[in-house]
Amino acid sequence: MDLLLGIAATTAAGTGLASWAVGTGWGRWLTIAHALAGLSLLALAPAKLRGSVRTGLKRRRATRWLSMLLGALVIGTVVLGVLHATGLWHGVGYWSALWTHVLLVAFVVPLLVWHIVSRPGRPTVADLDRRAFVGGGIALAAAGAAYWIQQLVVGDNRRFTGSHEIASFKPAEMPTTMWLNDRSPRVAASDWELNVAGELVTLESLRERAAPVTADLDCTGGWWSRQSWDAVPLAELLPPAGEPTLEVTSRTGYSRLFPARDASNLYLAVGYGGEPLRRGHGAPVRLVAPGRRGFWWVKWVSRIEPVNRPWWLQLPFPAE
């Protein structure tokens, strides 16, 4: 049982993190695998709890309490995932159900490692006998049925990443979120400097050249929104045949690396729906990166610089 739980938990954590990074269509399979692994944990939980009750009195008090804490955190993590997936609870303000779900995972993983390593008889591959395969198959079938019912309830509101649609073509109602400790700078548009490949680009010139570009902003907070962005392709602003990578940097110091070959599908936006960007949405200029998750859409862009290093040589998720 411990080995099955470990496999389900590891699969859930791995696919969950991977689905955060993927903004293209094949990420759907990561989302489905994540859901099935999480729901399998719920299906396996009753049998695990019965076993824990039988052996609980033989353990030391500290070990018993840690095991109970692990069980509570696993159940809470999966329940929050279900609440997010079904849209029954999105969270409070900036604190979304999805982010709470992820926060609990950060506590579950080390506790799960401790739980497996500290057991007198550590689970091995040999434990995957016929009974384990049958139990795992039943749990996976139950998870599949639950996922199918969940999708019927939710309908078409969710994107393939698992995010829920909010305020499409209503920029004033679109949520304002930031990655980790990033902060919105308070700098007047008249004092803003935008450096593109060593050349200063004025906001006025961007506004004159901007054209509508429809793209979906898919936030890792669990929502997505489709807007018509008033934007200019980076390819029109960059010199030809430069370095292999573009570094896009915010006024806050936040930055991401992109393949230079994608410049034609990266845009600098100065507005949406015919109105200027709001400060919380990246004003006066932000990056629009179709097909990438929200943390790639750099806000408050101040510099775009061709660099001679691989674009993939960066953390998959910014640590700033």
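The values are calculated or read from the model by the stated rules, or taken from the named source; none is laboratory data. Predicted model only: the values in this text are computed from it and were never measured. Cβ sites come from the backbone with ideal geometry, for glycine too, and all protein chains shown count toward neighbours. We work out accessible area using only protein heavy atoms, side chains counted, and drop any ligands, DNA or RNA first. Shrake-Rupley method; radii C 1.70, N 1.55, O 1.52, S 1.80 Å.
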Only one residue in Leu73, Leu80 is open to solvent by less than 70 Å² (accessible area, probe 1.4 Å), part of a helix (DSSP H, G or I), touching a His at 6+ places or on another chain (Cβ under 6 Å) and closer than 24 Å to Leu180 by Cα, so which one is that? Leu80
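So that you can scan it fast, the table gives a plain yes or no per residue for (1) buried (at least 16 other Cβ atoms within 10 Å of the Cβ); (2) more than 23 Å from the chain's Cα centre (by Cα); (3) within 13 Å of Ala231 (Cβ to Cβ):
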{"position": "Arg261", "(1), (2), (3)": "no, yes, no"}
{"position": "Leu268", "(1), (2), (3)": "yes, no, yes"}
{"position": "Gly274", "(1), (2), (3)": "no, yes, yes"}
{"position": "Pro290", "(1), (2), (3)": "yes, no, yes"}
{"position": "Gly294", "(1), (2), (3)": "yes, no, no"}
{"position": "Trp297", "(1), (2), (3)": "yes, no, yes"}
{"position": "Trp311", "(1), (2), (3)": "yes, no, no"}
Which condition number in (1) within 19 Å of Leu42 (Cα to Cα); (2) modelled with pLDDT of 75 or more; (3) assigned to a helix (DSSP H, G or I) is the one that Leu88 fails? (3)
Condition (residue is open to solvent by 40 Å² or more (accessible area, probe 1.4 Å) and either touching a Gly at 6+ places or on another chain (Cβ under 8 Å) or part of a helix (DSSP H, G or I) (or both)) applied to segment 236-243: is it met by at least one residue? yes
List pairs: first in segment 22-33 and within 18 Å of His164 (Cβ to Cβ), second open to solvent by 40 Å² or more (accessible area, probe 1.4 Å) and in a loop (DSSP other than H, G, I, E, B), Cβ under 6 Å, 6+ apart or cross-chain? Gly23/Arg292
May I ask you to list the residues in segment 295-309 that are over 10 Å from Val248 (Cβ atoms), assigned to a strand (DSSP E or B) and not hydrophobic (A, V, I, L, M, F, W, C)? Pro306
